[in-house]
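Each value in this text was obtained by applying a stated rule to the coordinates, not by laboratory testing. Quick caveat: nothing in here was measured; it's all calculated off a predicted structure. Note: ideal-geometry Cβ built from the backbone for every residue, glycine included; neighbour counts use all protein chains shown.
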Protein chains: 2
Amino acid sequence: MMEKLKNTVRKIKLPDPALLELAQARLDNLTKPQGSLGRFEELAKQVVSITGSLSPVINKKAVLVIAGDHGVAEEGISAYPQKVTMQMVLNFLKGGAAINVLARHINAEVQVVDLGVAAEFKPNPKLLDKKVARGTNNIVNGSAMNREQAIRALEAGIEAAERMIENGYNIIATGDMGIGNTTVSSAIASVICKVKVEEVTGTGTGIDQEGFKRKIEIIKTAIQVNNPDPCNGIDVLAKVGGFEIGGIAGVVLGCAAHRIPVVIDGFISSVGALIANTIEPKSSHYVIASHSSVEKGHRVILDYLGLKPLFDFDMRLGEGTGAAIGINITEAAVKILNEMATFNSAGVSEKNE
Amino acid sequence: MMEKLKNTVRKIKLPDPALLELAQARLDNLTKPQGSLGRFEELAKQVVSITGSLSPVINKKAVLVIAGDHGVAEEGISAYPQKVTMQMVLNFLKGGAAINVLARHINAEVQVVDLGVAAEFKPNPKLLDKKVARGTNNIVNGSAMNREQAIRALEAGIEAAERMIENGYNIIATGDMGIGNTTVSSAIASVICKVKVEEVTGTGTGIDQEGFKRKIEIIKTAIQVNNPDPCNGIDVLAKVGGFEIGGIAGVVLGCAAHRIPVVIDGFISSVGALIANTIEPKSSHYVIASHSSVEKGHRVILDYLGLKPLFDFDMRLGEGTGAAIGINITEAAVKILNEMATFNSAGVSEKNE
């Protein structure tokens, strides 16, 4: 154990900046005023540098929805009961959840990965069983998981990503499901970004004011009890994390190692990218931030990682719903680079001197 | 003449607010925390009220790219020569422009409409010939067009929209092509929104600082020379407008009359919607604002019309490029409403009491 993680991290290199100039030259030669496609042009260049190809291909798309339960749910910090994690996994498998609708819309595969749901599932080709344990321990009383489990969660994420990459998928989005996971995400964000708990805590799926105050107290207690090392991503994950968050961090590391763009969703996914960044900062160059979530901690993390979200739809659902739209926009950006006519080929006059 | 316009305007009613509550009830029953899909939910409700259907269908999509030339181009207010309008129309017909790439990406038809290009084209099934004249007059010296031509431009837009609607298209995006059209758009925005020219004028396709100052002076002169009546959309269009802008206004009116959602692009399209609003304010309820353009006047117009753009990609190209993405997002919103499972059907527990 640990070999997979070590080898993956070792493989992560900085994207190639030399290609950026060539990509810009190509974009400037397309039939449009220079720079007039704004973020589309930036995105296209990012995918060029990630993939190392001036004509990157995005045609096989997947959303990895990673699920896990949280011991801290017993503190009543969520508006929904813990069994909703399991019920929503079944909903994903039946195709009725928001992420299923949006993945069909963008023609992407939904792959559900069980990292630690507190229930057993029947075998299902759409469900990848990578269960580390049936939920984490309650972080108010001690570590969410032990160090070996944290590493296993990270490696499970890497393996899930590699499985898709081996099957030809060339862009991967991350999604999450886990009742209680905004609570642990706020704990992680507060520790790693070194900001007050209040600055990174929101109302999750919709608790009331009293529940919100309680949530903040619980996060503070969990950090105090566990005292995680902010510079050690594995330590933070083990002490105040969650299995699905470790899985998402693993997906980010796996995609970075294989030079595949990874589109993150909202708050929980960004916390996964944050853990990945703490383990290997270069991994963040492979991350595309899709949307800006209603959860206030999300913006703090994106700023910390130097990522600029593509859009803000006032969403706070998770599952990869924002990331699905992010895939679609990234695909469009790449098509612009690959398919547009040049001034020369179209016989269009260039700018006046 | 004028009958078409009058009849169309008469048909425009306010969307049905009664359906909004039913749509909200349906959205609240889907397997997600209430309101957690943010703008997607707002958009779905808007389409319900526009179409009058609780299960609206969006499956046949079109982008109407409306082209026209501008006499004021001879003042050198654009970074590109006038012939680029004609050359870009040919590029649209050959499928090499940004709008072609994005329309293919979202599986929409591109229909080019010649409202007033200063060139002749060979017949082409993808080009609808609605030419009013070969370009407008230079607005620095007098009216862009006469009143009859303004009405003809509006009716041409209505006819173009109706042709698509008769062929089963159930969402229409507007796009523009016309060298010099940010200049006339700024003039229209300044007059109707009653703001200073400086507040609604940008650098268009990319003129330098000297050219920018000149552009502002020319717009001020044009408004002074023509003295358009801000309360009369036809008068403003005739005096300081453009054929493609009249066409876009007509498309908005035509879609509103037929209860079809119309997705507008950036600055120029919003000016079309502004003319439509001045003729019939109820038309704006049928408009979905896609993106927020780099052109500063765009935000002023959207605020004036009470429209909130979906995203901001720092774009300033036109052609309907932002609106194509807007169609795609609207389609996703409608699918969420139509295809997601309910708590009951999926067996998912509802919120804790």
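For n ≥ 4 DSSP H runs only, could you compute -39500 (n - 2.57) per run for the protein assembly as shown, divide by its residues and tell me the 222 nm figure to the nearest 500? Walk me through the numbers on the way to the answer.
Numbers: 28 runs with 348 residues, N = 706.
Result for the protein assembly as shown: -15500 deg cm²/dmol, rounded to the nearest 500.
Hey, can you grab everything whose amide H is under 5 Å from the amide H of residue A:206? Only 5+ residues off in sequence or another chain; H modelled, so Pro and N-termini drop out.
Here the answer is A:79, since their amide H atoms fall under 5 Å of that of residue A:206.
Using modelled amide H (1.01 Å from N, peptide plane; none on Pro or chain starts), what sits under 5 Å from the amide H of residue A:108, excluding residues fewer than 5 places away?
none
Let me spell out the model: positive unit charges on the Cβ of Lys and Arg, negative unit charges on the Cβ of Asp and Glu, origin at the Cα centre of the protein assembly as shown. What dipole size does that give, in debye rounded to 20?
Its charge dipole is roughly 520 debye.
Show me, for the stretch A:338-347, the HN-Hα J-couplings you get by feeding each phi into the Karplus relation (A = 6.51, B = -1.76, C = 1.60, θ = phi - 60°), rounded to Hz, glycine and proline as x.
7, 10, 6, 6, 8, 3, 5, 5, 8, x
Take peptide B:343-350, look around each residue's Cβ out to 10 angstrom, count Cβ atoms belonging to other protein chains, and average those counts.
Working: counts 3, 0, 3, 9, 5, 10, 9, 4.
Going residue by residue through B:343-350 and averaging, the value is 5.
Could you identify which residue out of B:247, B:297, B:96 has the top mean-square fluctuation in a GNM of chain B using Cα springs shorter than 10 Å?
Between B:247, B:297, B:96, it is B:96 that shows the largest mean-square fluctuation.
Using a 10 Å cut-off on Cβ to Cβ distances, tally the other chain neighbours for every residue of B:27-36 and report the average as a whole number.
6
Specify the angular offset, from 0 to 90 degrees and rounded to the nearest 10, of the alpha carbon long axis of helix B:209-226 from the longest principal axis of the alpha carbons in chain B.
Taking Cα atoms only, the helix is inclined about 80 degrees.
Which value in nm describes the separation of the simple spin-label points at residue B:109 and residue B:148, placed 7 Å from the Cα toward the beta carbon?
3.2 nm
Decide, for the stretch A:184-311, between rounded, prolate and oblate: order the square roots of the alpha carbon gyration tensor eigenvalues as a ≥ b ≥ c, take rounded if a/c falls under 1.5, and otherwise choose prolate if a/b is larger than b/c, else oblate.
Because a/c hits 1.5 or more and a/b fails to exceed b/c, the stretch A:184-311 counts as oblate.
Mind giving me the FRET efficiency for residue B:21 and residue B:74? R0 is 45 Å, r the Cβ-Cβ distance, nearest 0.05 is fine. Numbers along the way, then the final one.
Working: r = 55 Å, r/R0 = 1.22.
Given R0 = 45 Å and the Cβ-Cβ separation, E is 0.25.
Report the calculated FRET efficiency for residue B:227 and residue A:350 (r = Cβ-Cβ distance, R0 = 30 Å), to the nearest 0.05.
E(calc), rounded to 0.05, equals 0.20.
Can you sort A:278, A:85 from fewest to most other Cβ atoms within 10 Å of each residue's own Cβ?
A:278, A:85
Can you compute the radius of gyration and Dmax for the stretch B:9-109, using only the Cα atoms, both in Å?
20.6, 59
I want the antiparallel fraction of DSSP beta bridges within chain A, as a percent rounded to 5.
Counting only bridges with both partners in chain A, antiparallel ones make up about 5 percent.
Please arrange A:20, A:115 by how many other C-beta atoms lie within 10 Å of their C-beta, fewest to most.
A:20, A:115
How big is D for the protein assembly as shown, in µm² s⁻¹ as a whole number, if Stokes-Einstein is applied with the Kirkwood radius of its Cα pairs at 4 °C and 1.567 mPa s?
This corresponds to a translational diffusion coefficient of 50 µm²/s.
Viscosity 1.306 mPa s, temperature 10 °C: what is the translational diffusion coefficient of the stretch A:82-236 from Stokes-Einstein with a Kirkwood Rh over Cα pairs, rounded to a whole number of µm²/s?
92 µm²/s
Arrange the following residues from fewest to most other Cβ atoms within 10 Å of their Cβ: A:78, B:293, A:53.
Values: A:78 27, B:293 30, A:53 15.
In increasing order of surrounding Cβ atoms, one gets A:53, A:78, B:293.
Reachable aspartates and glutamates from residue B:282, Cα under 16 Å, same-chain residues fewer than 8 places away excluded?
Counting by Cα, and skipping residues close in sequence, residue B:282 has these aspartates and glutamates nearby: B:16, B:303.
Looking at chain A, what % of the alpha carbon pairs are farther apart than 29 Å?
Counting pairs separated by more than 29 Å, the tail of P(r) holds 35 percent.
What does DSSP give for the protein assembly as shown in terms of the percent of beta bridges that are antiparallel, rounded to the nearest 5?
In the protein assembly as shown, DSSP labels about 5 percent of beta bridges as antiparallel.
Along the charge dipole of chain A, which of A:344, A:300, A:202 sits closest to the positive end, that is, farthest toward it, with unit charges on the beta carbon of Lys, Arg, Asp and Glu (+1, +1, -1, -1)?
Value computed over the given set: A:344.
Under 5 Å between amide H atoms, partner at least 5 residues away or on a different chain: which partners does residue A:310 have, H built in plane at 1.01 Å?
Close amide H contacts, sequence-distant or interchain: A:290, A:291.
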